[in-house]
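For reference, the structure discussed in these notes is given below.
The values are calculated or read from the model by the stated rules, or taken from the named source; none is laboratory data. None of the values given here were measured: they were computed from a predicted structure. We place every Cβ from the backbone using ideal geometry, glycine too, and count neighbours over all the protein chains shown. For the accessible areas, the whole protein counts, side chains as well, though only heavy atoms, and no ligand, DNA or RNA atoms are used. Shrake-Rupley method; radii C 1.70, N 1.55, O 1.52, S 1.80 Å.
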Amino acid sequence: KELIVENVAMITEVVRNFEDSSEFKKILPEARIKEKLNEDFMLTGIIDKVMIDEKYNYYLVIDYKYGDKNFSLNEIDKDYKLQLPFYLYAMKLMHPELKPAGMLYQQTALLKESKDSANEYKMKGMVIDKVSVLERIDPSLSRIQGVRVKRDGSLYEYKNTIVSEETLNNIIDKTEKTVRDVAQRISDCDFSIAPILTDFDQMKKDSVSCRYCKYGSICYSKNKRIGGDKDAIY
């Protein structure tokens with residue numbers, strides 16, 4: 001109990017210091033998603049936090065995770081780890097007047113022995129490559145991992161953190177296509193097994209889709225498609 005209370009106090013201080021310093025002053029905690037996708041489907045959910053810069057109409061979505069969490073453009077291209085891109089898409093539907101500035105994870109489990117290490121508190125994710133916007137998110141430019149400014153005032157390139165506004169909007173558009181494709185497959189009663197066939201363990205014949213599936217060892221689809229035992233009886 002003492003450890004939990006101490007950890008909550010530590011992360012609360014980190015979050016409050018960030019919010020106090022940021023120019024994204026309008027804060028929507030547990031922002032509710034309830035938006036009509038089409039005649040048959042509603043998009044619902046809750047975003048941990050949305051921060052809005054009302055002066056320049058940018059917004060930032062933040063998700064709290066107890067453990068360490070991050071993602072990459074490569075993973076998004078494969079249509080997994082889409083939680084934060086889904087939040088951006090939902091915000092586009094609910095607030096089309098706003099522009100996306102980024103999507104970030106904030107780790108909440110901070111170790112006592114490393115509480116003085118700034119790296120422990122840094123958020124991870126993607127933000128747009130505009131120094132002027134980043135300075136309004138975080139004037140110190142020290143709270144987001146991968147955000148560093150050169151002497152000439154430009155940003156260091158960090159592929160999976162610093163992205164163009166166009167790239168971020170493309171991610172939103174791709175997420176919309178994925179959401180609508182899934183809705184259409186549900187309408188068509190298409191529940192075919194189609195595990196992601198990249199990033200799998202060649203020895204275990206497990207793809208990223210099968211790693212936590214209790215039926216993975218007897219899955220005909222997985223075994224047939226990624227080189228497992230094709231002659232097994234199911």
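Laid out as a table, the results:
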read-out	value
Members of the range 12-31 found to be in a strand (DSSP E or B) and open to solvent by 70 Å² or more (accessible area, probe 1.4 Å), listed by number	26, 29, 30
Checklist (1) surrounded by fewer than 20 Cβ atoms within 10 Å (Cβ to Cβ); (2) farther than 23 Å from residue 182 by Cα; (3) basic (Lys, Arg); (4) over 14 Å from the mean Cα position of the chain (by Cα) applied to residue 34, failing item	(2)
Hits in the range 155-167 - residues which are loosely packed, with under 14 Cβ neighbours inside 10 Å and in a loop (DSSP other than H, G, I, E, B)	156, 157, 159, 164
Looking only at the range 138-163, and only at residues there that are out of contact with any strand residue (DSSP E or B) (no Cβ under 7 Å at 6 or more places or on another chain) and of a type in the set (Gly, Ala, Ser), the one that is nearest to residue 125 (Cα to Cα)	142
